[in-house]
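See structure below.
The values are calculated or read from the model by the stated rules, or taken from the named source; none is laboratory data. Just so we're clear, the structure is a prediction, and the values are computed from it rather than from any experiment. Glycine also receives a Cβ, built like all others from the backbone with ideal geometry; neighbour counts cover every protein chain displayed.
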Amino acid sequence: MKPFSILAACAGFACVSAIAASAAETAPDNVTHDDYGSVAESLTGTAGDAASGATIMTDRGLGNCIACHEVSALKDAPWHGEVGPTLDGAGDRWTEADLRGIVVNSKMVFDGTIMPAYYKNSGFVRAGDLYTGKAAPADLPPILTAQQVEDVVAFLMTLQD
């Protein structure tokens, strides 16, 4: 095979792989919650990466979970909040399905919570267009991707008492 043909074949394989991977991902509007709000099935079919989850939880542009929650395992990150409960021992208190449901849309689990839904793109009340004071022109993208949700859940599962 000529070098160009090998490159073309690899690029084609990468395209097919990316399409297959995205086809396995559950879209935000297709997530199924049980009566408690838990989400039993992985959103991606791929295990979460706990190290990436820890990064997401401290990244102000992504999850920023520590803005509201204290997490002793992330003690090097500044500004732990006190609005939400401490997440120490979260992996003991809740199942993986419970944690996934809480991260996807905490309002399905805790009525009246101010925690945002991290994997939702429609059904918001008065969703705004950044800081313009105007309504959003269309459905908003989720705060986290499906894989990022799985990564955060994997990290939370490591938080054992």
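Looking at this structure, is T32 buried (at least 16 other Cβ atoms within 10 Å of the Cβ), more than 15 Å from M157 (Cα to Cα) and either out of contact with any Ser or Thr (no Cβ under 9 Å at 6 or more places or on another chain) or among the β-branched types (V, I, T) (or both)?
Values: buried (at least 16 other Cβ atoms within 10 Å of the Cβ): no; more than 15 Å from M157 (Cα to Cα): yes; either out of contact with any Ser or Thr (no Cβ under 9 Å at 6 or more places or on another chain) or among the β-branched types (V, I, T) (or both): yes.
Taking the combined requirement at face value, the residue does not satisfy it.
Quickly run through the stretch 64-93 and pick out the residues that are crowded, with 18+ Cβ neighbours inside 10 Å, hydrophobic (A, V, I, L, M, F, W, C) and in contact (Cβ under 8 Å) with a residue 24 or more places away in the chain.
C65, V71, L87, A90 - these are the residues of the stretch 64-93 that are crowded, with 18+ Cβ neighbours inside 10 Å, hydrophobic (A, V, I, L, M, F, W, C) and in contact (Cβ under 8 Å) with a residue 24 or more places away in the chain.
Looking only at the stretch 96-115, which residues are in a loop (DSSP other than H, G, I, E, B), within 16 Å of the chain's Cα centre (by Cα) and surrounded by fewer than 18 Cβ atoms within 10 Å (Cβ to Cβ)?
Answer for the stretch 96-115, where residues must be in a loop (DSSP other than H, G, I, E, B), within 16 Å of the chain's Cα centre (by Cα) and surrounded by fewer than 18 Cβ atoms within 10 Å (Cβ to Cβ): just M115.
Have a look at P85, P78 and point out the one that is at pLDDT below 90 and within 20 Å of L159 (Cβ to Cβ).
Values: P85 fails: at pLDDT below 90.
None of the others qualify; the one that does is P78.
Consider the stretch 29-79. How many of its residues are of a type outside the set (V, I, T), in a loop (DSSP other than H, G, I, E, B) and over 18 Å from I102 (Cβ atoms)?
Qualifying residue count for the region: 11.
Return the total of residues in the stretch 87-102 being of a type in the set (A, V, I, L, M, F, W, C) and in contact with an Asp or Glu (Cβ under 9 Å, 6 or more places away or on another chain).
Number of matching residues: 2.
Has the stretch 1-17 got any residue that is within 22 Å of I143 (Cα to Cα) and modelled with pLDDT under 95?
At the first step, the residues of the stretch 1-17 found to be within 22 Å of I143 (Cα to Cα) are none.
No: zero hits.
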